[in-house]
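Working notes for the structure below.
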Amino acid sequence: MARRRMVYEGKAKILYEGPEPGTLIQFFKDDTTAGNGEKHELIDGKGVLNNRLSEHFMEGLASIGVPTHFIKRLNMREQLVRAVEMIPLEVVVRNVAAGSMSKRLGLEEGAPLPRPIIEFYLKNDDLGDPIVSEEHIIAFGWASQQDLDDMVSLGLRVNDFMSGMMRGVGIRLVDFKIEIGRVFEGDFQRLVVADEISPDSCRLWDIETGQKLDKDVFRRDLGNLADAYTEVARRLGVMPRSNGSNTGPKLVH
Ligand code: C5P
């Protein structure tokens with residue numbers, strides 16, 4: 001069989017050409033990075049967990065009418081997605097002060113915010129993904145005013161859905177990041193949630209204990225990251241059997 005063509009390799013995923021035009025295969029790696037790639041480790045089974053969790057969140061979003069790029073999961077590490085034109089922005093939605101917002105504004109981590117706050121960051125590794133304003137986005141043409149309105153609306157819908165789902169399993173959705181792409185249908189374009197939604201891109205705290213169940217476990221050396229993600233998957237009823245770690249058959253990819 002001919003080797004398939006790689007379209008893009010990022011820090012945690014690889015995109016390959018899909019079986020049909022307009023599709024891509026998204027492969028989830030075990031590579032885990034923080035600080036714009038300064039800290040890097042392979043965490044056994046992380047890709048398997050994120051593939052499964054992202055499927056779970058994207059399917060849930062689709063079920064309430066939020067459009068996503070997700071088509072179907074293919075295997076332990078791969079999913080079939082629609083090819084979209086990515087908007088070069090990260091959309092961060094925050095419910096509770098944490099991370100870079102706490103640092104930037106001197107807010108105590110864990111302080112509830114008066115309402116969900118949306119921020120935009122420019123996707124540019126060389127610049128360390130700087131925060132940008134709506135003025136910057138419009139002036140530099142990264143997205144239109146209509147796109148911005150649609151991104152805010154998508155971000156808030158994802159927040160409502162994800163907050164509710166996580167709350168149901170005793171987890172607080174502190175904040176998260178999504179990436180958004182354009183799909184063209186005839187003369188029209190619409191925006192869809194793309195990339196992934198996983199504990200790599202969310203802050204998830206146990207409601208009772210405050211225990212962190214997200215990538216901060218890795219960023220801040222708080223313990224075993226795969227165990228934290230497995231706990232999220234277990235509570236959601238996703239992957240009850242194996243976390244893909246070395247307890248079972250070795251993965252072949
Ligand atoms: O670091 P910061 O506090 O700005 O992150 C906000 C949220 O966005 C966190 O949930 C973090 O995991 C996510 N994020 C991400 N990818 C980035 C930056 C932030 O997934 N490049």
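To keep it simple, each residue is scored yes or no on (1) in contact with a Leu (Cβ under 9 Å, 6 or more places away or on another chain); (2) part of a helix (DSSP H, G or I); (3) buried (at least 17 other Cβ atoms within 10 Å of the Cβ).
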site: Asn50; (1), (2), (3): no, yes, yes
site: Ser54; (1), (2), (3): no, yes, yes
site: Ala62; (1), (2), (3): no, yes, no
site: Val81; (1), (2), (3): yes, no, yes
site: Met86; (1), (2), (3): no, no, no
site: Glu90; (1), (2), (3): yes, no, yes
site: Val93; (1), (2), (3): yes, no, yes
site: Lys103; (1), (2), (3): no, yes, no
Check your understanding: Regarding Leu24, is this residue among the aliphatic types (A, V, I, L, M) and either closer than 26 Å to Met165 by Cα or part of a loop (DSSP other than H, G, I, E, B) (or both)?
Key -> no
Practice item. Answer yes or no as to whether Arg203 is within 16 Å of the ligand (Cβ to nearest atom) and not aromatic (Phe, Trp, Tyr). Key: yes
Review point. Which residues, taken from the range 1-44, are surrounded by 12 or more Cβ atoms within 10 Å (Cβ to Cβ), basic (Lys, Arg) and out of contact with any Lys or Arg (no Cβ under 7 Å at 6 or more places or on another chain)?
Key: Lys11, Lys39
Point to revise | For Tyr121: the one exception among (1) touching a residue at least 12 places away in the same chain (Cβ under 8 Å); (2) over 17 Å from the mean Cα position of the chain (by Cα) | key: (2)
Review point. Does Arg52 satisfy being of a type in the set (Lys, Arg) and either modelled with pLDDT of 95 or more or within 14 Å of the ligand (Cβ to nearest atom) (or both)?
Key: yes
Practice item. Filter the range 66-116 for residues that are of a type in the set (A, V, I, L, M, F, W, C), farther than 23 Å from Pro21 by Cβ and within 16 Å of the ligand (Cβ to nearest atom) and give the result. Key: Leu89, Val91, Val92, Val93, Val96, Ala97, Ala98, Met101, Leu105, Leu107, Ala111, Leu113
Exercise for review: Within the range 126-159, track down each residue that is within 12 Å of the ligand (Cβ to nearest atom) and under 17 Å from the mean Cα position of the chain (by Cα).
Suggested key: Asp129, Gly155, Asn159
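The values are calculated or read from the model by the stated rules, or taken from the named source; none is laboratory data. Treat the numbers as computed from the prediction; the structure is a model and nothing was measured. Quick reminder, even Gly has a Cβ in these numbers, built from the backbone with ideal geometry, and neighbours come from all protein chains shown.
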